[in-house]
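Working notes, structure below.
Every number in this text was worked out from the coordinates using simple rules, so none of it is lab data. What you see is a predicted model; the values in this text were computed from it and never measured. Every residue, glycine as well, gets a Cβ built from its backbone with ideal geometry; the counts of neighbours run over all protein chains shown.
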Amino acid sequence: MKKVKILIKKKPGTEDLPTPKYMSAGASGMDLSADVEKDLTIGPGQIKLVPTGVSVSIPLGYEAQIRPRSGLALKHGITLVNTPGTIDSDYRGIISLIIVNLGQEPYVIKRGARMAQMVIQEVTQAEIEQVQELPDTARAAGGFGHTGV
C-alpha cells in the first residue's frame, strides 16, 4: 500500500478530540470528528457548517476528499452537501464539514462525534487546449438516458 505523509495541526482547545485516523487496517478514509462546544441539533432539511478543529498540510500532487460516513447516511440521513468535498494541497485552514440532514428527525451532533471521513488521493492536472472540433465517437452528443433503461 502506498503511503504519503500528511501533517495535521489541531486547533488549541481540541486536545480532547481524536486525531484523524484509520479505524481498520484496510480503511481508505480517516474519521473526522466534530469540534462543537455544545450539542448541535440539525433539523430535517437543515444545513450546518461543522468544524473539525484540524488543519492539514497535503503534499503537492495530492488532495483530501471529504466524504460522508455510510452509517450516518443510512441510519439518520446525515450526509455532506458537497460530496466529496476537496481539500487542496495549498489550503491550510480548519477543515469544516457542510452537513445536511436528509432524514425525518432532528439529529444531534455531540462533541467528538465522527461525522465524515478524509481520503487522500493523487491529483492529475489537465493541460487545456482549445480546438475548433473534437474527435468524433459513436456516442457523440448523446446525453442523459440516451442508451435506454
Let me know the number of lysine pairs in the chain closer than 19 Å at the Cα, not counting same-chain pairs under 8 apart.
-> 16
Of the trypsin sites (Lys or Arg not before Pro) in the range 1-36, which ones lie in a loop per DSSP and count no more than 13 other C-beta atoms within 10 Å?
-> K2, K3, K5, K21
Full extension from R139 to E127: what is 0.36 nm times the residue separation minus their Cα-Cα distance, to one decimal in nm?
-> 1.9 nm
May I ask for the net charge around L60, where only other residues with Cβ less than 13 Å from the Cβ of L60 are counted and Lys, Arg are +1 while Asp, Glu are -1?
-> -3
Take peptides 113-119, 27-33, 68-74 and line them up by average Cβ neighbours within 10 Å, highest first, as a rough protection proxy.
-> 113-119, 27-33, 68-74
Arrange I120, I47, I66 by Cβ neighbour counts within 10 Å, fewest through most, would you?
-> I47, I120, I66
Counting only residues 5 or more apart in sequence or on a different chain, those whose built amide H sits under 5 Å from that of A116 are L32
Options (1) 32; (2) 39; (3) 51 are given for percent of Cα pairs over 22 Å apart, and the computed one is (3)
What is the extension gain from K11 to S24, computed as 0.36 nm multiplied by their sequence separation minus the C-alpha to C-alpha distance, in nm to one decimal?
-> 2.1 nm
